Every structure is written in C-alpha cells, then in structure tokens.
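A.B. asks: This is the structure, below, for whatever I ask next.
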Amino acid sequence: MILGKPKFEAKIDWQVIDTILLDMDGTLLDKHFDDYFWEEYVPVVFAEKNKISIFDAEEKLLARYRKKEGSLDWTDLDFWSKELGLDIVSLKKKMNYLIKVHPYVIDFLKYCQKNDKKIYLVTNAHSKTLAIKMEKTGIANYFERIICSEEVGMAKEDPEFWEKLEEMINFSKDRTILAEDNEKVLDAAQKFGFFRDQLIFVAKSSSTMPVIHSKKFPSIIFFKELIV
Ligand SMILES: [Mg+2]
C-alpha cells in the first residue's frame, strides 16, 4: 500500500469492456458505516449488555472478529447475532443514517448504463445487510443482478469464487472489469485469470480514512476517473 500518486493508473478501453463487476462496501458505499458499526457501536452495546467496560468489550470483540475475517461467517449477520447475543439486524437499521454512496458512484453507474454495459454487484455482504443498504441507497435498479457470496458458497477472496461466478452469470473474462477496495479479492481474481489492467483498486474506501493506493493494481480515488 502506498500513499501519494498511484503506481498504476487505471486505463480502461471501453470499446472492449461489456461487463462491470462492482463490490459494495468501501467501493460503492462509504466503509465508514461498517467500520463505525463494528468497531465503535457494537462494542458499546456489547459492553452495556454484558456489564463490562467498553475497553474490555473492544478487546473481546476484536479477537472474535479476527478469527472470522475472510470467511463467510464474517459477513453473516445471523452468525454474529447468535455469537454476540445481540440483534445485529436491528442495530444496523438503527445506524442506517451512516450508509452513504461514495461521490461520483451514481454518475459512473449512469455512464455504464448509457453505454450498454452490464453491471453486477458482487458482494461478500450478507443478504440482510444488502437489503438494508439497498433500501437506504436506492441503487439496486442499476444492476443486472446482485450476487452475494453466500449464494456462491464461498468468499470473494477464494479464486474458485470467480470460476463459479463465471458459470453463474456467464461473463467473458476478456471483456470484464472488477472494482474493489480489498486487495486480497483482487489477488484472487487475478489468480482466476483477470489481467492486472482489468482489476481496479478503490483507494479511498472510507470518507474518514486517507487515500491508500495499491502497489499491485491500478488505483482510483473516485469513479469519475473511469468516466471518459
Ligand atoms: Mg469492499
């Protein structure tokens, strides 16, 4: 990860590309919601419920989060509701005012639509999180289809995910781009067979975090950089 200028600039040959795969959290939507929810809000509620300090709650929760990172459990709201003894869905709904679309995302979606590109939302997010976010942002209609990892049976960090997705939606590997804020996912997509130039790293995933460019993949800060 590097600050400052990107190592690789994103250049897309729009004549060739007909399919756009887009991640949701951090890519289209401000990751501040997710970070705040899990790192600040849940610890407060967990501490109150268990009559422990917020500090202790943070420590306990972080250890549990870490064990599940990159797995399907990580995004499974039912799993966390059970694991933590909290109603995670209703807590998320309570905080939904923090769910926001990143700047220029709507412009980009409209641009792709106008140019007859097929747009797919491809997310590790749980279907219940997805429902809350689509209701709040109203962007669902831009997508040909929305695919949650639970439907595929594995997380996007697994190269096999992309093979299964190829079968599910029948995209052509040479005419597709993927935008993501998670390098591990881009690594997996590259292993599957995408070329580097087709993999776009979103360097500003949260409105409250600095820009961090990828050393391995072309980076953008905002989607307006892909509109020509
Ligand atoms: Mg993401």
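All of the numbers you see were taken from the coordinates with simple rules; none came from a lab. Quantities reported herein were computed from a predicted structural model and do not represent experimental measurements. With ideal geometry, Cβ positions are generated from the backbone for all residues, glycine too; neighbour counts draw on all protein chains shown.
A.B. asks: Inside the stretch 188-204, can you point out the residues that are within 14 Å of the ligand (Cβ to nearest atom) and in contact with a helix residue (DSSP H, G or I) (Cβ under 9 Å, 6 or more places away or on another chain)? It would help to see each step written out before you state the result.
C.D. replies: As a first pass, look at the stretch 188-204 and keep what is within 14 Å of the ligand (Cβ to nearest atom): 188-189, 199-204.
Ala188, Ala189, Leu199, Ile200, Phe201, Val202, listed by residue number.
A.B. asks: So, one more: Against the conditions (1) within 12 Å of Leu28 (Cβ to Cβ); (2) crowded, with 19+ Cβ neighbours inside 10 Å, where does Ile106 fall short? Just the number, please.
C.D. replies: (2)
A.B. asks: Quick one: which of Ile169, Ile212 is out of contact with any helix residue (DSSP H, G or I) (no Cβ under 8 Å at 6 or more places or on another chain), surrounded by fewer than 22 Cβ atoms within 10 Å (Cβ to Cβ) and over 21 Å from Ile17 (Cβ atoms)?
C.D. replies: Working: Ile169 fails: over 21 Å from Ile17 (Cβ atoms).
When all the criteria are applied, what remains is Ile212.
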